[in-house]
Amino acid sequence: MNNLYQLLKSNDSEYRYVSVSTDFARPDDYMEKLERDLQKLNYKGQIAFDLLLSNGIRDNRYFCAYFNGEHIVSSSFSRLSVIKTTISELTTHFYQENFNLVSKNKVLSKPQKFLIKKGLVKS
């Protein structure tokens, strides 16, 4: 697992990959590495970001951007206001399976961590 993010393959038709935070780093901290990972996958299209560990359980948790096959187009970054079930279920499962990442996080409160562990926070 990368120490800043994990790239998950999604069954969603619009967002084939989801980058989930594995610490408090922002996407611009690991953008070049993420772009290389997407290039290796020969991917071109939308990607979703779950920034739970850096932004917490708030409106600015999920974002999306377009990857053009070489770079993530910075002007395409936008907040996802409606989270698809396929994405929220995927990221919920990831954080439940990797709860150690959540438990050591400083952004989330103890009650929020408990809800995440129980799978009660979806978006």
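Of note:
Results for (1) under 25 Å from K117 (Cα atoms); (2) surrounded by 17 or more Cβ atoms within 10 Å (Cβ to Cβ), shown as yes or no for each residue.
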{"site": "E14", "(1), (2)": "no, no"}
{"site": "D50", "(1), (2)": "yes, yes"}
{"site": "F67", "(1), (2)": "no, yes"}
{"site": "T86", "(1), (2)": "yes, no"}
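- Residue ID - modelled with the lowest pLDDT, chosen from residues in region 1-43 that are closer than 21 Å to N68 by Cβ and among the polar types (S, T, N, Q): S13
- Taking region 12-123 and the strands (runs of 3 or more DSSP E) fully enclosed by it, the elements with 2 or more residues that are of a type outside the set (A, V, I, L, M), in contact with a Cys (Cβ under 9 Å, 6 or more places away or on another chain) and without any contact (Cβ under 8 Å) to a residue 60 or more places away in the chain are at 45-50, 72-79.
- Selection count, region 44-63, where residues are modelled with pLDDT of 95 or more and of a type in the set (D, E): 1
The values are calculated or read from the model by the stated rules, or taken from the named source; none is laboratory data. Quick caveat: nothing in here was measured; it's all calculated off a predicted structure. With ideal geometry, Cβ positions are generated from the backbone for all residues, glycine too; neighbour counts draw on all protein chains shown.
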